[in-house]
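Below is one structure, written out as structure tokens; comments come after it.
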Ligand SMILES: [Zn+2]
């Protein structure tokens with residue numbers, strides 16, 4: 001069982017592991033075209049954030065520093081969506097985070113299947129927004145899943 005520091009450390013360290021599926025994705029998309037791959041390097045800091053937040057997310061079901069971090073981000077995201085008049089999406093995100101906070105600790109958020117389910121919006125939302133199947137958020141999704149798995153590993 002890990003606390004905030006242990007999960008933070010795991011989120012940072014496991015980003016090294018996340019580089020494997022991210023690298024595989026870039027290879028799948030661009031082959032050995034190094035120039036195209038270098039053009040995608042701006043995604044790596046975003047991937048790191050996804051991995052780190054993935055490592056913190058499972059403890060959103062208990063009063064913790066991780067919960068405060070995730071809630072703060074969701075609050076900023078929700079306010080942004082409201083300002084941009086995306087009321088329905090903001091409401092659903094609010095409902096989602098409330099439901100998760102009502103669940104018992106180390107239940108739903110600490111399941112292996114949830115590690116692949118919770119980050120799914122990172123994969124689906126870019127497709128819905130761009131309607132371009134080729135610009136999907138695979139690297140973000142992969143990074144978040146690896147981060148999430150790091151949390152489950154630390155808590156094992
Ligand atoms: Zn945990």
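The values are calculated or read from the model by the stated rules, or taken from the named source; none is laboratory data. Quick caveat, the model's predicted, so the values are computed rather than measured. Glycine gets a Cβ as well: all are built from the backbone with ideal geometry, and neighbour counts include every protein chain shown.
Answer yes if at least one residue in the range 83-104 is without any contact (Cβ under 8 Å) to a residue 24 or more places away in the chain and closer than 22 Å to residue 21 by Cβ, and no otherwise. No: zero hits.
Within the range 31-53, none of the residues are crowded, with 18+ Cβ neighbours inside 10 Å, within 16 Å of the ligand (Cβ to nearest atom), modelled with pLDDT under 95 and under 27 Å from residue 138 (Cβ atoms). Every listed requirement among (1) closer than 19 Å to residue 49 by Cβ; (2) within 16 Å of the ligand (Cβ to nearest atom); (3) surrounded by fewer than 17 Cβ atoms within 10 Å (Cβ to Cβ) is met by residue 120 save one, (2). Scanning the range 82-115 for residues that are surrounded by 14 or more Cβ atoms within 10 Å (Cβ to Cβ), under 30 Å from residue 1 (Cβ atoms) and more than 16 Å from the ligand (Cβ to nearest atom) returns 93, 94, 97.
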